[in-house]
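Remarks on the structure that follows.
The values are calculated or read from the model by the stated rules, or taken from the named source; none is laboratory data. All of these numbers come straight from a predicted model, not from anything done at the bench. Note that we place each Cβ from the backbone using ideal geometry, even for glycine, and neighbour counts take in every protein chain shown. To get the accessible areas, we keep the full protein, side chains included, count just its heavy atoms, and leave off ligands, DNA and RNA. Shrake-Rupley method; radii C 1.70, N 1.55, O 1.52, S 1.80 Å.
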Amino acid sequence: MTHVETRDVEYVQDDTRMLGYFCSPRDAAPGSCPGVLVVHGAEGMTEHVMASAERLAALGYAALAVDLWGGRKRLNGPAEFDDMIGLFAEDRTLWMGRMEAARETLRAQSSTHPGKLGGLGYCFGGSSVLEFVRSGGELQGVVSFHGGINLVHDDWSDACGEARALICTGADDPMANADDLARVQEAMTQAGLGWEVNLYGHTRHAFTEADGPGTPPFAAYSATADCRSWHAMTGFFEDVFGQ
């Protein structure tokens, strides 16, 4: 089993201080590990997201859990979620600026291979990695776990045609309905991107996250979808990075 080293990494974008969580294999040779951004959902950088970065590092990746909100802020409840997501969705320069700052930070870590960079995201993080590639962000491959496809725009003309995307989503997720999936699939096809969609039946939003008192009715954990999406993601990155 690969031993993992973890540390906090501070970075700045437009005077906002972000505090990422970087994980990599212990004693990794310089520039040897493909890098993966791990992007949180509406709540912020949870233990679940940090644990995902650690799991990726155990597989040989340099993983940065991204701090989109700044100051490792954690949000509470639908009102705060809606306000923050609305702010980013209305100001995509801010949103993509935060993503690029994280990409540059990951790329600068000594164990990261600067030419092998990808991203995965949960919920709003899934929207974020897709939107970043759509707008020209330099990632070779991205994975969306129950991302809000409704937030992703249609014009993919700025995306690098060599980029690839994997969307893992539930058939009963209102934030990724059939119309939005078809719209984004067509846009990626027209832009020449390689894409895949894993659609899990009888599966709602946030299927990788444990249910709790605040879980909304449109969300539910699914052990099957959680397991299968993780395996799909690891196979996808192995293929993208030639591991």
**OP:** Answer yes or no as to whether residue 143 is touching a Phe, Trp or Tyr at 6+ places or on another chain (Cβ under 7 Å), touching a residue at least 12 places away in the same chain (Cβ under 8 Å) and open to solvent by less than 10 Å² (accessible area, probe 1.4 Å).
**Re:** yes
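Can you find even one residue in the range 79-94 that is under 25 Å from residue 180 (Cα atoms), in contact with a strand residue (DSSP E or B) (Cβ under 8 Å, 6 or more places away or on another chain) and open to solvent by less than 10 Å² (accessible area, probe 1.4 Å)? Step through it out loud before you land on a result.
Step one: list which residues in the range 79-94 are under 25 Å from residue 180 (Cα atoms), which gives 79-94.
Among the residues that remain, those that are also in contact with a strand residue (DSSP E or B) (Cβ under 8 Å, 6 or more places away or on another chain) are: none.
Checked the range 79-94: no residue is under 25 Å from residue 180 (Cα atoms), in contact with a strand residue (DSSP E or B) (Cβ under 8 Å, 6 or more places away or on another chain) and open to solvent by less than 10 Å² (accessible area, probe 1.4 Å).
Kindly indicate which of 36, 4, 12 is hydrophobic (A, V, I, L, M, F, W, C), touching a helix residue (DSSP H, G or I) at 6+ places or on another chain (Cβ under 9 Å), open to solvent by 30 Å² or more (accessible area, probe 1.4 Å) and under 20 Å from residue 99 (Cα atoms).
Numbers: 36 fails: open to solvent by 30 Å² or more (accessible area, probe 1.4 Å); 4 fails: under 20 Å from residue 99 (Cα atoms).
None of the other options fit; the residue is 12.
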Subject >> Selection status of residue 99, farther than 21 Å from residue 206 by Cα and at pLDDT 95 or above >> reply: yes
**OP:** Please tell me if residue 74 is open to solvent by 60 Å² or more (accessible area, probe 1.4 Å) and under 22 Å from residue 114 (Cα atoms).
**Re:** no
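Here is a yes/no grid of residues against (1) surrounded by 13 or more Cβ atoms within 10 Å (Cβ to Cβ); (2) in contact with a Gly (Cβ under 8 Å, 6 or more places away or on another chain); (3) part of a loop (DSSP other than H, G, I, E, B):
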residue: 187; (1), (2), (3): yes, no, no
residue: 195; (1), (2), (3): yes, no, no
residue: 199; (1), (2), (3): yes, yes, no
residue: 208; (1), (2), (3): yes, no, yes
residue: 212; (1), (2), (3): no, no, yes
residue: 217; (1), (2), (3): no, no, yes
residue: 221; (1), (2), (3): yes, no, yes
Original post:
Looking at (1) of a type outside the set (Gly, Ala, Ser); (2) touching a residue at least 40 places away in the same chain (Cβ under 8 Å); (3) touching a strand residue (DSSP E or B) at 6+ places or on another chain (Cβ under 8 Å), can you tell me which one residue 185 breaks?
Top reply: (2)
**OP:** Collect the residues in the range 107-133 that are among the aliphatic types (A, V, I, L, M), in a helix (DSSP H, G or I) and farther than 19 Å from residue 41 by Cβ, keeping them in residue-number order.
**Re:** 108
Original post:
Yes or no: residue 134 open to solvent by 20 Å² or more (accessible area, probe 1.4 Å) and under 13 Å from residue 67 (Cα atoms)?
Top reply: no
Subject >> In the range 134-163, the residues that are among the aliphatic types (A, V, I, L, M) and part of a strand (DSSP E or B) >> reply: 142, 143
